[in-house]
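The values are calculated or read from the model by the stated rules, or taken from the named source; none is laboratory data. These figures come from a predicted structure and were not determined experimentally. FYI the Cβ positions are ideal-geometry reconstructions off the backbone, even for glycines, and counts take in every protein chain you see.
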């Protein structure tokens, strides 16, 4: 065996060894992340955002833990009470975009869900979507804007098509606030520059009042790395809109086939709020009929964690 072949062999062995070590470190790091997520955390800074792309969507892992749900701003936020998230889960890092929703409409092969036409109301070809060769597509400039004018039934169908689901109200609030029970996703002080869009930033004119491109305000991300949880669009959650304290076992997590008519909770507020900057707090609740839509209704998906 000549020197050149020996050198090549040595380089090969070293490359395999380095690759093995690197992969070992990667696996070990992932294992540590998942172990921490399963064991739970008791403060926000005990967690570093961790992402994976699942079925094409970038999702943030949310560790188990407890937080104080609710606030003292409005009656429907009370009483403030402890809620524990017993299992980790995934939540979309970003709100679902117009491009993603257009792809869903093309893939699903149906035009309506629970009597809700995909193109009624503000979820229409006239504003954010168009038709190209018989296929739905986002209009130019809307591709990475949060989809808006979405009904609860449509949001539910989209997430199911992706093998996911809407987050529960408690999951959404926990992903936004964490064990520290923050007032805003970024902390306890209002920083208007961290809000995706709100109040007078959005003129109510055709083509002028649209959500911001997702992820444009990184300083406003939550402790798990979820973007735009305040402002932009008001996000549907799975839960029926019922009084606190939150109890996942009291019937409020009934699916659409069980209760297709009762109001569903929404979180995060939206770019359109004409009267004040606040409330844009992570505590705030809103609700609407599940088949209703208006210009600032959007959503993101969640998914169960599987070890």
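Which of the residues that make up segment 145-173 are under 12 Å from the mean Cα position of the chain (by Cα) and closer than 19 Å to residue 72 by Cβ?
169, 173 - these are the residues of segment 145-173 that are under 12 Å from the mean Cα position of the chain (by Cα) and closer than 19 Å to residue 72 by Cβ.
Quick one: residue 138 ticks every box in (1) in contact with a helix residue (DSSP H, G or I) (Cβ under 7 Å, 6 or more places away or on another chain); (2) farther than 15 Å from residue 149 by Cβ; (3) at pLDDT 85 or above except a single one, so which number is it?
Checking residue 138 against (1) in contact with a helix residue (DSSP H, G or I) (Cβ under 7 Å, 6 or more places away or on another chain); (2) farther than 15 Å from residue 149 by Cβ; (3) at pLDDT 85 or above, the one that fails is (2).
Residues of segment 288-303 being assigned to a strand (DSSP E or B) and surrounded by fewer than 19 Cβ atoms within 10 Å (Cβ to Cβ), which ones?
288
Please enumerate the residues belonging to segment 167-196 that are surrounded by 24 or more Cβ atoms within 10 Å (Cβ to Cβ) and either assigned to a loop (DSSP other than H, G, I, E, B) or not assigned by TED's automatic domain parsing to the domain that holds residue 55 (or both).
Passing the criteria: 167, 178, 185, 195, 196.
Would segment 55-67 turn up any residue that is on the phi > 0 side of the Ramachandran plot, at pLDDT below 95 and part of a loop (DSSP other than H, G, I, E, B)?
Yes: segment 55-67 contains one or more residues that are on the phi > 0 side of the Ramachandran plot, at pLDDT below 95 and part of a loop (DSSP other than H, G, I, E, B).
Per-residue answers, yes or no, for (1) exposed (fewer than 10 other Cβ atoms within 10 Å of the Cβ); (2) in a loop (DSSP other than H, G, I, E, B); (3) at pLDDT 95 or above:
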{"site": "1", "(1), (2), (3)": "yes, yes, no"}
{"site": "4", "(1), (2), (3)": "yes, no, no"}
{"site": "13", "(1), (2), (3)": "no, no, no"}
{"site": "16", "(1), (2), (3)": "no, no, no"}
{"site": "23", "(1), (2), (3)": "no, no, no"}
{"site": "27", "(1), (2), (3)": "no, no, no"}
{"site": "37", "(1), (2), (3)": "no, no, yes"}
{"site": "49", "(1), (2), (3)": "no, yes, yes"}
{"site": "53", "(1), (2), (3)": "yes, no, yes"}
